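Rule-based calculations on the coordinates, nothing more; no lab input. Because the structure is a prediction, the values reported are computed rather than measured. Because the Cβ atoms are built from the backbone with ideal geometry, glycine has one as well, and the counts that use them run over all protein chains shown.
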Amino acid sequence: MKNSTGKGDNFAAYIPHEVCRSIDKKRTQKPTNHPEIRLLCPEVIPVVSDPARASPEMRQECELPQLVDLMTSSIRQALVASSGQKAKIALAEMVANWIEDTRRPPWLQTEELHRRFSVSCFPDGKGRFYNPALAVTDRFQLPLFEDL
């Protein structure tokens with residue numbers, strides 16, 4: 001890759017190298033907590049998320065970006081509930097349940113997501129992280145007061 005100055009950009013090689021270096025360092029301290037890894041490719045390979053546009057040998061690689069897109073859009077739907085599609089709302093409700101579960105103390109959580117999943121927003125009015133309301137769970141709740 002080339003950056004805008006014309007000099008070589010090592011970003012595609014830097015990421016895999018640094019991940020391996022970091023895991024190797026942790027592995028020397030606690031070998032049972034960190035797997036030994038081998039790189040299949042020394043550089044990041046760009047992947048198109050649309051299987052119709054991907055080359056035949058890369059079609060299977062489209063699944064992870066699609067999953068990430070699905071999870072990201074499900075989290076957004078849990079927060080804003082703007083979709084009218086039943087499948088999107090069903091996924092958003094599932095994600096909202098995860099979010100609500102992770103807001104409980106760890107010993108009261110039932111989804112086994114402690115330290116694996118959480119959602120917070122930034123910044124609030126005081127410049128801090130906050131737990132947003134979940135519009136998908138509140139969408140049928142009647143208002144307490146009429147709008148004046």
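Quick rundown of the values:
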| quantity | calculated |
| --- | --- |
| Helical segments meeting 15 Å axial Cα length and Kyte-Doolittle -0.5 threshold in the chain (DSSP H) | 63-80, 86-102 |
| Cα-Cα separations in the chain greater than 26 Å, expressed as whole percent | 55 percent |
| Chain lengthening between Cys20 and Gln85 when straightened (0.36 nm per residue, less Cα-Cα) | 19.2 nm |
| Ranking of Ser49, Ser22 by count of other Cβ atoms within 10 Å, fewest first | Ser22, Ser49 |
| Positive-pole candidate from Gly125, His114, Pro16, dipole of the chain, charges at beta carbon | Pro16 |
| Cα-centred dipole magnitude for the chain, charges only on beta-carbon of K, R (+1) and D, E (-1), debye, nearest 20 | 580 debye |
| Segment 70-114 - Rg (one decimal) and Dmax (whole number), Cα, Å | 11.3, 35 |
| Residue exposure sequence - Lys126, Lys26 - by fewest surrounding Cβ within 10 Å | Lys126, Lys26 |
